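What follows is a set of notes on a single structure, which appears directly below.
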Amino acid sequence: AQSVTQLGSHVSVSEGALVLLRCNYSSSVPPYLFWYVQYPNQGLQLLLKYTSAATLVKGINGFEAEFKKSETSFHLTKPSAHMSDAAEYFCAVSHGGGSEKLVFGKGTKLTVNP
Amino acid sequence: GAVVSQHPSWVICKSGTSVKIECRSLDFQATTMFWYRQFPKQSLMLMATSNEGSKATYEQGVEKDKFLINHASLTLSTLTVTSAHPEDSSFYICSASSVDRVSNEAFFGQGTRLTVV
């Protein structure tokens with residue numbers, strides 16, 4: 001069985017500060033890992049995904065994540081937070097790519113303070 | 001990325017009535033569609049997986065007779081909440097994927113906010 005743990009249901013940063021959202025996964029097979037962003041009352045937008053290629057994955061809006069097998073982690077970072085980054089972020093894992101179901105973490109709400 | 005359109009974006013219905021939610025892939029053929037449910041301030045929980053032309057596979061604990069899923073074509077899947085009750089009020093999100101796409105990822109609809117009164 002696969003599972004995802006997102007440490008911290010709420011993260012608050014100042015504008016311009018580093019953003020770090022933590023995600024740890026559990027999977028019995030090599031995982032595919034994803035980060036999604038959700039704005040209020042909207043669907044999910046893919047930020048980036050890990051599919052066993054490069055361990056450092058760059059996504060949209062300046063976000064990136066590093067796959068660390070030894071730590072079973074896939075933390076999301078952004079060097080400098082922007083007000084528009086305020087949203088809910090979900091880490092997810094699957095056996096395969098888009099053709100497989102996703103198991104989501106509980107989400108982390110990011111607040112960006114001016 | 002590909003576009004998945006979900007309709008309606010919000011709906012209010014009376015207890016005991018049925019509600020149909022549509023999920024359309026607008027620019028690709030979706031061999032697989034997923035339906036998720038999201039309670040307030042919680043994560044997405046998979047309800048069912050549907051492949052075009054075959055019966056949906058429901059997750060444990062999801063009533064298949066209450067949440068009817070139809071995936072009759074490669075661009076359309078529908079979720080019907082039958083005899084809706086207030087506890088069915090939630091945010092429902094679909095996603096669609098195709099093994100034929102190079103990106104091999106699932107694309108999400110905008111979600112449907114269902115309120116049962």
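Here is how the numbers come out for the structure above:
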quantity	calculated
Filter result (surrounded by 19 or more Cβ atoms within 10 Å (Cβ to Cβ) and in contact (Cβ under 8 Å) with a residue 40 or more places away in the chain) within the stretch A:101-114	A:102, A:103, A:104, A:105, A:107, A:108, A:110, A:112
From B:29, B:42, residue being modelled with pLDDT under 90, open to solvent by 40 Å² or more (accessible area, probe 1.4 Å) and within 12 Å of chain A (Cβ to nearest Cβ)	B:42
Any hit, the stretch B:5-17, residues being under 15 Å from residue A:44 (Cβ atoms), open to solvent by less than 30 Å² (accessible area, probe 1.4 Å), not hydrophobic (A, V, I, L, M, F, W, C) and not in a strand (DSSP E or B)	no
Of the criteria (1) in contact (Cβ under 8 Å) with a residue 24 or more places away in the chain; (2) in a loop (DSSP other than H, G, I, E, B), which one residue A:11 fails	(2)
Matching entry among A:33, A:44, A:48, A:21 (being at the interface with chain B (Cβ under 10 Å from one of its Cβ atoms) and open to solvent by less than 20 Å² (accessible area, probe 1.4 Å))	A:44
Test: residue in the stretch A:77-91 that is of a type outside the set (S, T, N, Q), within 14 Å of another protein chain (Cβ to nearest Cβ) and open to solvent by 20 Å² or more (accessible area, probe 1.4 Å)	yes
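The values are calculated or read from the model by the stated rules, or taken from the named source; none is laboratory data. Being a predicted model, the structure only gives us computed values, none of them experimental. Positions of Cβ are generated from backbone atoms using ideal geometry, with glycine treated the same way; all protein chains shown enter the neighbour counts. These accessible areas exclude ligands, DNA and RNA; they are computed on the full protein's heavy atoms, side chains included. Shrake-Rupley method; radii C 1.70, N 1.55, O 1.52, S 1.80 Å.
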